[in-house]
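The values are calculated or read from the model by the stated rules, or taken from the named source; none is laboratory data. Note that the structure is a prediction, hence the values are computed from the model and not measured. With ideal geometry, Cβ positions are generated from the backbone for all residues, glycine too; neighbour counts draw on all protein chains shown.
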Ligand SMILES: NC(=O)c1ccc[n+]([C@@H]2O[C@H](COP(=O)([O-])OP(=O)(O)OC[C@H]3O[C@@H](n4cnc5c(N)ncnc54)[C@H](O)[C@@H]3O)[C@@H](O)[C@H]2O)c1
């Protein structure tokens, strides 16, 4: 029998929390499943952003090769923020590597607009509309007939958590119905489904998880119980020879403080903004040496690359040292904020290296690094978003104890594709 | 020096297609119809219909930075911008089509010839002869090399208009296609209903089509200064909405009126149709994020634009009858026909005016400076204000230079209107934000009208229809001649010493 591959994603699911939920019976199936394979902590991309991590997962490449460094970048020659999408991905995703096979891909983040695929796909967030998120056209019609939705309406959270949760579950249920039907059709060689409500619920309800007295605590658990039931369904319906790999793109932890890095650069004399009323990148004014793109990507303001650029290649090394000193010295109530700093060469390699941020920052626990320009304070208390991404606490599960040898001790997101290939 | 629209951004540009609203802190997305920013963190995404290679981005490229916006006569203009003129066969529509075409816009348009038909129904005709549309199009192509995409169509034939909008995908729509006559709307119930059906329902249907087919287009909708009426308190006629610092006090309490629509006090069923349009357009901007300029236009006069003067076949229409003639145009014709200029009532009524050529420049500026999605904006398009009796004096003076002896007569006012009133018109946006400076002096344009109409064939066309000049349509619905109150020679009379104010600062 031919070996099929099943990939299951749980966006934003943290290794530590999954273990706890497995231990405490919230996810009983996962509790049993981990005995039957290898469950490891997985390193997300840096930055620990879904666009970057999922791009690495689907291509098996690092950002220097696939060219995606975040949800946003700037249009070359301008300070206008752009939202790169799947078309900007410079490396081939797994379904293009094996065009002779039939692939079903459901709700994979950062795969919009949907690729012409041998098989069927519907992209996950960020997909502005369903029309361009589904391929082929018959599959779009199929999804429409089932009232398929890409994502819950996050606006609802600003009205009430209950309303938001209800919408989240409604979206989850439709998605499950669709993927189960697709899975059962058997018309595929590789199958991928990503559950994304987990990320939303982490961002908005993580405080409720930590506090059993919170009225939304049960809701948080209920979502993961629902995911556990799907894992059980998938394993029950998978063939004995199928290769099953499960993963998340990053972990999730509580926000202690939001850290507005551009404000630090501004007060440190590295960034200056014109007083145009709009505090966006287009307000970047003369004399600016560096700025930060969400969440923690430090870019030098190069001449030739940006309209108001002042930095030359010759200035780079000295400027990076100055910036590192600035970030190293950043403390909040006596605690250091930045845990690690990486010049891009230390993290990335490949043809897209030139487009990469010059310096990447990794925070200590609970400091949510922000690249917004809208704030005029260094630290902000968390508001509706109580959960933040954590890079070193994603998870990877590879089913079948016999495949343990294919899993590195400290796997990273870009390793997943080669793990699958190794097993095959 | 950068020009008036240099700092507008993609958010104003009709080529920017809204794609969604991302709160990327939570890697989330919200429903895509929300075009307002979601707080600090919300980020609007667009795609440029003209530069799809840029992918999705925030709408912050300025017109000055964008290669699709190029230098034109009055500022930056979108390369080959697609403009659809509804009512292209009309007095203003035809002049605008030629001007836009010559400036490099891609012009399309429709008309159902209701203007030609209603003028014929009333037994009148345009004094400046105009060609049939096929001949007009031919001449435009021959003389200027223009290729208008024109269809004969009623704006209320929604299926046809939908198909045409879908084919052209206009980036701006200039909506002139209404029956523009106050007296015509007061003839009887049939006429009143026809005007309101044509104007109000026509516009309402158009708004639904825009929502479905070209939601990013910039709608430039023609209203009239007559929507406001002339409040006896002398309260300024603001540009559609009260300014931020306007307040209302009552019994010792005070409220801000900033941003509220100002009261409207229309002066005929035609003007009522325009007020209804105003609300329909305003609401659709609110419900559907459409964008529109509502142009409260003063009374237009004159014949001249560079293009219409280029060839007799390119001339635009010019009416002088009691229903479709506007006051200055009528007075000049009367002066030539030897009819004393017909002032209604006291002649102390104050009106806002603008010459044809200036009005066309304003339209180009509005087209090239679109509002933001969801923005309903109003401009008062007026370049000067005059009392009717003063206008009569000016025309008599210019007529004299052309060797005419002109008399003035006051006749019973067929309309119901205030005859002595203060008037202060605010018209700041065109001069201050859109870079418009009137270039046509009243005397100069009136002189041009005399010169054209005194060509013998045109003078005889006036005389042929002299019987349509005296007003017979009363606001009571009766058909009755207006009796002559007095006749006098220019310069003989002293007029009331109140004057209007045009506030452009
Ligand atoms: N001329 C002025 O002094 C003046 C002043 C203020 C406002 N306006 C407004 O400006 C606009 C244009 O005025 P104008 O003087 O050029 O008038 P016009 O009558 O010459 O032009 C309007 C054109 O629209 C066409 N039209 C009317 N209803 C239509 C329909 N249902 N479908 C298709 N075509 C239709 C007519 O046939 C005509 O050609 C009108 O909306 C008018 O109310 C004019």
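Only residues that are on the phi > 0 side of the Ramachandran plot and surrounded by fewer than 19 Cβ atoms within 10 Å (Cβ to Cβ): list them for the range A:2-50, please.
Answer for the range A:2-50, where residues must be on the phi > 0 side of the Ramachandran plot and surrounded by fewer than 19 Cβ atoms within 10 Å (Cβ to Cβ): just A:25.
What about residue A:344, is it in contact (Cβ under 8 Å) with a residue 24 or more places away in the chain and either within 14 Å of another protein chain (Cβ to nearest Cβ) or under 18 Å from the mean Cα position of the chain (by Cα) (or both)? Criteria not met by residue A:344. Residue B:226 meets all of the listed conditions (1) crowded, with 23+ Cβ neighbours inside 10 Å; (2) assigned to a strand (DSSP E or B) but one, namely (2).
Residues that are away from the ligand (no atom under 14 Å from the Cβ), assigned by TED's automatic domain parsing to the domain that holds residue B:121, buried (at least 19 other Cβ atoms within 10 Å of the Cβ) and at pLDDT 95 or above: does the range B:265-278 have at least one? No: zero hits.
For (1) away from the ligand (no atom under 14 Å from the Cβ); (2) within 14 Å of chain A (Cβ to nearest Cβ); (3) not in a helix (DSSP H, G or I), each residue gets a yes or a no:
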residue	(1), (2), (3)
B:161	no, no, no
B:166	yes, no, no
B:180	no, no, yes
B:190	yes, no, no
B:198	no, no, no
B:210	yes, no, no
B:221	no, no, yes
B:231	yes, no, yes
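Going through (1) over 21 Å from residue A:247 (Cα atoms); (2) free of Cβ contacts under 8 Å to residues at least 24 places away in the same chain; (3) surrounded by fewer than 20 Cβ atoms within 10 Å (Cβ to Cβ) one by one, residue A:90 falls short only on (2).
Just for the range B:323-361: of the residues that are away from the ligand (no atom under 13 Å from the Cβ) and under 20 Å from the mean Cα position of the chain (by Cα), which one is surrounded by the fewest Cβ atoms within 10 Å (Cβ to Cβ)? In this case the residue turns out to be B:350. Here is a check on your reading of the model: is residue B:92 touching a strand residue (DSSP E or B) at 6+ places or on another chain (Cβ under 9 Å), over 30 Å from residue A:282 (Cα atoms) and within 11 Å of the ligand (Cβ to nearest atom)? Yes: the conditions hold for residue B:92. The number of residues in the range B:47-81 that are in contact with a helix residue (DSSP H, G or I) (Cβ under 6 Å, 6 or more places away or on another chain) and not in a loop (DSSP other than H, G, I, E, B) comes to 1.
The selection criterion, being more than 14 Å from chain B (Cβ to nearest Cβ) and either closer than 21 Å to residue A:227 by Cβ or crowded, with 23+ Cβ neighbours inside 10 Å (or both), does not hold for residue A:126. Given the conditions (1) under 21 Å from the mean Cα position of the chain (by Cα); (2) touching a residue at least 60 places away in the same chain (Cβ under 8 Å), which single one is not true for residue A:130? All conditions are met except number (2). Among the residues of the range A:80-116, the one identified as facing another protein chain (nearest Cβ under 8 Å), touching a helix residue (DSSP H, G or I) at 6+ places or on another chain (Cβ under 8 Å) and more than 30 Å from residue A:285 (Cα to Cα) is A:109.
Being in the same structural domain as residue B:45 (by TED's automatic domain parsing), more than 16 Å from the ligand (Cβ to nearest atom) and buried (at least 20 other Cβ atoms within 10 Å of the Cβ) is the requirement here; does residue B:61 meet it? Spell out the reasoning first.
Details: in the same structural domain as residue B:45 (by TED's automatic domain parsing): yes; more than 16 Å from the ligand (Cβ to nearest atom): yes; buried (at least 20 other Cβ atoms within 10 Å of the Cβ): yes.
Yes.
In the range B:280-290 there is at least one residue that is closer than 19 Å to residue B:200 by Cα, within 15 Å of the ligand (Cβ to nearest atom) and modelled with pLDDT of 95 or more.
Go through A:329, A:350 for me and flag whichever is surrounded by fewer than 19 Cβ atoms within 10 Å (Cβ to Cβ) and in contact with a helix residue (DSSP H, G or I) (Cβ under 7 Å, 6 or more places away or on another chain). Give the derivation first.
On the way: A:329 fails: in contact with a helix residue (DSSP H, G or I) (Cβ under 7 Å, 6 or more places away or on another chain).
Criteria check complete, one pass: A:350.
Away from chain A (no Cβ under 14 Å), within 14 Å of the ligand (Cβ to nearest atom) and not in a loop (DSSP other than H, G, I, E, B), is that true of residue B:320?
Answer is no for this residue.
Yes/no matrix, rows are residues, columns are (1) part of a strand (DSSP E or B); (2) modelled with pLDDT under 95; (3) within 16 Å of the ligand (Cβ to nearest atom); (4) on the phi < 0 side of the Ramachandran plot:
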| site | (1), (2), (3), (4) |
| --- | --- |
| B:83 | yes, no, yes, yes |
| B:88 | no, no, yes, yes |
| B:101 | no, no, no, yes |
| B:116 | no, no, yes, yes |
| B:119 | no, no, yes, yes |
| B:123 | no, no, no, no |
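So which residues in the range B:425-465 are in contact (Cβ under 8 Å) with a residue 60 or more places away in the chain and part of a loop (DSSP other than H, G, I, E, B)? If the condition is that a residue be in contact (Cβ under 8 Å) with a residue 60 or more places away in the chain and part of a loop (DSSP other than H, G, I, E, B), then B:427, B:428, B:434, B:435, B:436, B:438, B:439, B:440, B:454, B:465 are the ones that fit. Considering only residues of the range A:67-79 that are within 7 Å of chain B (Cβ to nearest Cβ) and surrounded by fewer than 23 Cβ atoms within 10 Å (Cβ to Cβ), which is farthest from residue A:356 (Cα to Cα)? The qualifying residue farthest from residue A:356 (Cα to Cα) is A:78. Scanning the range B:233-264 for residues that are free of Cβ contacts under 8 Å to residues at least 60 places away in the same chain and within 15 Å of the ligand (Cβ to nearest atom) yields a single hit, B:264.
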